[in-house]
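Participant: Before we start, here is the structure in question, set down as structure tokens.
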Amino acid sequence: MTTDDRVRKPIDNWHGTEIPPGASVDVKLAVSESYSSMTLRIPIHIRRAPEEGPVIFVTAALHGDEINGTGAIRHLIMDEEFQLDRGALVLIPVLNLLAFDRHSRYLPDRRDLNRSFPGSQSGSLARRMANKIFTEIVSRCDFGIDLHTAAVRRTNYPTIRADLSNPDVKKLAEAFGSEILMDGKGPRGSFRREACLAGCPTITMEGGEVWKVEPSIVDSTVKGIKNVLSHFGMLAETVELPEYQIIVEYSKWIRADRGGFLHFHVKPGDVVEADAPLATTSTLLGKERSVLRAPFDAVVIGMTTLPAVSPGEAVCHLGELPESMKPSKLHKLRKKSDVHEEQIVEDLSTNLIVTEWEDEDSDEE
């Protein structure tokens, strides 16, 4: 289904609550019930401009412990100077309230809400919630932005995940303004994949860690959302796009060969050449066991934040650089552009001890 083929529900009325042009209204969406029979309602902020235009949703905490996006959405809601010129914005700080209240990624029945879309009216708890979200939110919007972080004990450099084979999705992804775009449809049952299939082009922004609201990630996210709004003429601000964007078509988690303690040699967002050392595994007494190396020229998309590993555990998530983008070229581009990317790299590394690689066979002094 394309965007032009779908019939969208109106945004001017939310189950009896009128939302006139120029209004900002808080509403709630009943998605389930608690063990104590209380109705579970997701708080939503809808902001309409005086003039008609696109309707965009921005969601966070689809995984209940991923709250960097919650911080970004709250920033927009509480910004009194943030005013739309046209269209409407549907802001949902916490989509998975049941998981959020438990500081958990998953629902109480251990199901992943982000593998349950588009859902059903008579399925599991997750599928019923997914169905409510899909029919009430996605059906009212023209585009979507879903905000995520890395999973527990990991951190992610800010990236956009999007199906770039879809022209409308590609425009949305590029407009966000992130340095790294990771091409892919997304897992089956995921929010963005199913929203795209339903005719609502949607992207995912990944950045930072669980259980945190990190200033640099929030700044990057707010900047990206405003870029998208400006791109569609919904906001009277200049689009702040980078001088370059890198499309990553292949990524790989580099896993530990041996168990032990890690000495990291890279940070999230670092650019590495093929065969560059990523981390050294050593015993608890500091005796070296093995060195993990990059199999190709890459940018470090994500990393573990847990320094102790067993064989096979994920250490570094590498996004392969395209042939046209050598590490030396990317370093130069970063230096020519603003310092935003390099600042994020430094901020995300504050929970890691990163040491320079020392080659014992080197003749250099």
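Participant: I'd like the full set of residues that are polar (S, T, N, Q) and closer than 15 Å to Ala151 by Cβ, limited to region 178-209.
Facilitator: The answer is Ser190, Thr204.
Participant: Here is a further query. Looking at this structure, is Pro322 assigned to a loop (DSSP other than H, G, I, E, B), farther than 13 Å from Leu262 by Cα, modelled with pLDDT of 95 or more and not assigned by TED's automatic domain parsing to the domain that holds Glu209?
Facilitator: yes
Participant: Restricting the search to region 293-314, which residues are surrounded by 21 or more Cβ atoms within 10 Å (Cβ to Cβ) and either hydrophobic (A, V, I, L, M, F, W, C) or farther than 19 Å from Leu352 by Cβ (or both)?
Facilitator: Correct list: Ala294, Asp297, Ala298, Val299, Val300, Ile301, Met303, Val309.
Participant: Please go through region 17-59 and give me each residue that is closer than 19 Å to Asn96 by Cβ, in contact with a His (Cβ under 9 Å, 6 or more places away or on another chain) and among the β-branched types (Val, Ile, Thr), ordered by number.
Facilitator: Passing the criteria: only Val27.
Participant: Just checking, how many residues over region 128-155 are more than 19 Å from Cys196 (Cβ to Cβ) and not in a strand (DSSP E or B)?
Facilitator: Final tally of qualifying residues: 8.
Participant: Right, another one. Go through (1) under 11 Å from the mean Cα position of the chain (by Cα); (2) over 27 Å from Val271 (Cβ atoms); (3) acidic (Asp, Glu) one by one and return the number of the condition Glu206 breaks.
Facilitator: (2)
Participant: So, one more: Examine region 97-108 for a residue that is under 26 Å from Lys212 (Cα atoms), surrounded by fewer than 22 Cβ atoms within 10 Å (Cβ to Cβ) and within 16 Å of the chain's Cα centre (by Cα), and state whether such a residue exists.
Facilitator: Yes; the residues of region 97-108 include at least one that is under 26 Å from Lys212 (Cα atoms), surrounded by fewer than 22 Cβ atoms within 10 Å (Cβ to Cβ) and within 16 Å of the chain's Cα centre (by Cα).
The values are calculated or read from the model by the stated rules, or taken from the named source; none is laboratory data. No experiment lies behind these values; they were computed from the predicted model shown. Here Cβ is always computed from backbone atoms with ideal geometry, including for glycine, and neighbour counts include all displayed protein chains.
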